[in-house]
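Each remark here refers to the structure printed beneath this line.
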Amino acid sequence: MVFEVMKVPTTPFDGQKPGTSGLRKKVKVFVQPHYLQNFVQATFNALTPEKVKGATLVVSGDGRYFSKDAVQIIIKMSAANGVRRVWVGQNGLLSTPAVSALIRERVGADGSKATGAFILTASHNPGGPNEDFGIKYNMENGGPAPEALTDKIFENTKTIKEYLIADELQEVDISTIGVTNFLGPDGPFDVEVFNSASDYVKLMKSIFDFELIRKLLLSPKFTFCYDALHGVAGAYANRIFVEELGAQQSSLLNCTPKEDFGGGHPDPNLTYAKELVERMGLGKSNSGVEPPEFGAAADGDADRNMILGKRFFVTPSDSVAIIAANAVGAIPYFSSGLKGVARSMPTSAALDVVAKSLNLKFFEVPTGWKFFGNLMDAGQCSICGEESFGTGSDHIREKDGIWAVLAWLSILAYKNKDNLNGDKLVTVEDIVRQHWATYGRHYYTRYDYENVDAGGAKDLMANMVKRMSSLDEVNTIVKGARSDVSKVVNADEFEYKDPVDGSVSKHQGIRFLFEDGSRLVFRLSGTGSEGATIRLYIEQYEKDPSKIGRDSQEALAPLVEVALKLSKMQEFTGRSAPTVIT
């Protein structure tokens with residue numbers, strides 16, 4: 001099949017700079033004439049020639065609305081720009097962590113390796129004709145494009161005049177596994193459609209002891225539940241949890257990927273994963289049915305996770321700390337030790353305490369997985385995490401939701417390996433409470449104010465920067481709000497100098513640090529498709545074993561009151577309550 005290359009005249013688009021999370025907009029924006037094409041061409045133009053001409057690219061995503069159309073457009077543009085071959089997951093489905101793994105691990109029949117990927121996802125944002133779509137480019141290490149490249153893409157979008165496309169190229173049947181061959185001006189061009197799960201499952205089996213986990217899942221005392229929220233994790237769940245590990249089919253919830261995520265919000269938290277939360281005994285209703293011992297959820301592109309025990313929620317900050325504390329014994333991949341650990345700045349300091357106790361290298365980085373990737377590429381970090389339900393390791397260069405679930409199952413299996421026939425299994429709650437008893441507890445919560453007026457959000461942050469200049473004034477406000485709260489001893493805007501490449505990241509969030517180790521952090525998030533999201537993080541450390549069993553919201557109530565007064569949240573945003581509390 002022969003194709004020709006067309007040069008299509010176009011004009012610059014709205015010029016939004018893509019970040020680590022890529023470009024996210026409403027579907028109605030992406031379906032405008034030339035919009036997606038402009039971004040794809042701007043990306044090709046920003047890459048070095050060897051990353052395009054004769055290269056192998058991965059093109060897939062979480063299957064949200066407009067994905068199948070986008071896959072065909074990118075295939076045609078790849079052909080026109082001289083790409084040699086494109087790899088597509090069956091039905092255009094690949095999780096973000098699976099794409100990272102494919103770039104790093106997969107070798108084609110002809111010895112080819114991928115040099116990058118276009119990932120079609122808006123992560124945890126809703127999908128459907130009136131909801132969100134997104135696209136991002138990942139590099140040859142499997143990680144998100146660095147800022148130097150996204151800056152080039154951004155500049156290109158402001159000046160682009162034409163894009164290349166093989167518009168007459170027949171559409172590839174991405175529902176059928178196989179290779180389709182074409183011939184163009186630069187020679188052969190192939191599109192290979194392959195099973196979405198096989199390569200990823202092979203990688204997971206090289207990391208974890210599947211036989212040990214299988215024994216746990218087959219124990220009559222252990223019950224399990226996994227909710228894919230109708231995202232791409234459903235393409236992996238049956239293969240891994242049922243076929244490989246022996247879980248019951250009834251253990252899987254919402255594991256059929258849907259373009260609109262079943263009308264739900266594919267964000268694995270206590271607010272949006274309603275069905276799982278109810279099943280795990282954490283909802284408002286009481287069905288009288290005994291909850292499973294372990295539950296977990298994924299977001300739309302399966303890079304985020306939520307871990308639950310029976311009537312028990314594990315904060316993401318505690319989760320990464322507990323995985324790090326138990327990894328060497330419970331997970332074969334880490335049997336020779338950890339190189340180091342890292343967390344994002346807003347994440348609680350639970351991991352810091354583990355690192356100090358185990359004498360591990362420790363890094364506090366800005367929000368964004370590329371910072372972890374730099375440390376991993378330099379051999380300095382094995383396990384890392386973000387409070388926004390992202391956990392991962394150096395097996396890839398993205399956070400990995402299914403990996404996190406398997407890590408927890410490994411810890412549970414390890415703790416119970418000699419007890420599967422005993423009276424009572426060691427539970428998720430047992431593991432967390434033992435961790436608190438050993439390392440202390442970081443009471444922690446996050447308040448999200450989603451889709452607030454962007455101007456009001458910027459004004460709030462600017463006002464907080466002004467507040468930092470006078471700690472006396474800050475402490476007057478603090479004591480006026482709650483006399484039982486410790487005083488603020490330092491306030492700053494977090495800034496990070498990357499120890500690997502020397503780059504400096506400024507304005508990464510405003511921190512108020514209290515004398516007793518408590519923290520308030522304010523940050524604008526860039527993961528939404530419109531408006532602004534203000535995230536408020538509240539943390540208090542408690543070492544006294546007699547005080548680690550309190551309800552988190554109750555323990556943090558005084559600090560929450562201080563935060564809202566200090567920030568004038570309602571005055572600047574008009575919101576009397578957050579959209580989501582986690």
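The values are calculated or read from the model by the stated rules, or taken from the named source; none is laboratory data. Only a predicted model underlies this, so the values are computations on that prediction, with no experimental measurement involved. Quick reminder, even Gly has a Cβ in these numbers, built from the backbone with ideal geometry, and neighbours come from all protein chains shown. In case anyone asks, the SASA skips ligands and DNA or RNA and just uses the protein heavy atoms, side chains included. Shrake-Rupley method; radii C 1.70, N 1.55, O 1.52, S 1.80 Å.
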Exercise. In the chain, what % of DSSP beta bridges are antiparallel (nearest 5)?
Worked result: 70
Problem set entry | Å² per residue, accessible surface of region 199-439 at 1.4 Å | 34
Exercise. Is it possible to state the helix-based mean residue ellipticity at 222 nm for the chain, with each DSSP H run of 4+ residues giving -39500 (n - 2.57), the sum divided by total residues, to the nearest 500 deg cm²/dmol? What is it?
Worked result: -9500 deg cm²/dmol
Exercise. Within straight cross-link reach of Lys565, meaning Cα distance under 21 Å, which lysines are found once same-chain residues fewer than 8 apart are removed?
Worked result: Lys458, Lys466, Lys479, Lys487
For this session: Take the chain, compute every pairwise Cα distance, and split them into 10 Å bins from 0; I just need the percent in each bin.
Result: 3, 17, 28, 27, 17, 7, 1, 0
Seminar exercise, completed: Expressed as a percent, the accessible surface of region 156-267 that is carbon or sulfur, using a 1.4 Å probe and the full set of protein chains, is 46
Exercise. In what sequence, highest mean first, do 566-573, 283-290 appear when ranked by Cβ atoms within 10 angstrom?
Worked result: 566-573, 283-290
For this session: Restrict the search to region 3-110; then list the trypsin sites (Lys or Arg not before Pro) that DSSP places in a loop and that have at most 16 other Cβ atoms within 10 Å of their Cβ.
Result: Lys53
For this session: Can you pull the one-decimal nm distance between simple spin-label points at Lys274 and Val328, each 7 Å off the Cα toward Cβ?
Result: 4.6
Problem set entry | Protection-proxy order for peptides 151-158, 131-138, 298-305, each taking the mean of Cβ atoms within 10 Å per residue, highest first | 298-305, 131-138, 151-158
Exercise. Given the Cα-Cα distance of Asn130 and Gln32 and 0.36 nm per residue of separation, how much length would full extension add, in nm?
Worked result: 33.9 nm
Exercise. Helix 198-207 versus the longest principal axis of the chain: what is the Cα-based angle in degrees, 0 to 90, to the nearest 10?
Worked result: 40
For this session: Calculate, for Asn286 and Leu513, the FRET efficiency according to 1/(1 + (r/R0)^6) with r their C-beta to C-beta distance and R0 25 Å; round to the nearest 0.05.
Result: 0.05
For this session: Could you sort 374-385, 476-487 so that the peptide with the highest average Cβ count within 10 Å comes first and the rest follow in order?
Result: 374-385, 476-487
For this session: Net charge near Arg311: determine it from the other residues with C-beta under 12 Å of the C-beta of Arg311, scoring Lys and Arg +1 and Asp and Glu -1.
Result: -2
Exercise. Expressed in nm to one decimal, what extension gain is obtained for the pair Ser206 and Lys7 from 0.36 nm per residue of sequence separation less their Cα-Cα distance?
Worked result: 67.1 nm
Exercise. With all protein chains present, how much of the accessible area of region 451-582 (probe radius 1.4 Å) comes from carbon and sulfur, to the nearest whole percent?
Worked result: 47
Seminar exercise, completed: Note to self: C-alpha centroids of region 74-133 and region 179-238 sit apart, in Å, by 15
For this session: Report, to the nearest 10°, how far helix 454-468 tilts away from the longest principal axis of the Cα atoms in the chain, using its own Cα long axis and a range of 0 to 90°.
Result: 50
Exercise. Cβ under 10 Å from Arg85's Cβ, Arg85 left aside: what net charge do those residues give with Lys, Arg +1 and Asp, Glu -1?
Worked result: -2
Exercise. Across 10 Å bins from the origin, how do the percents of Cα pairs in region 6-195 run, short distances first?
Worked result: 10, 40, 40, 10, 0
Seminar exercise, completed: Per its Cα gyration tensor (rounded if a/c is under 1.5, else prolate when a/b beats b/c, else oblate), region 240-295 is best filed as oblate
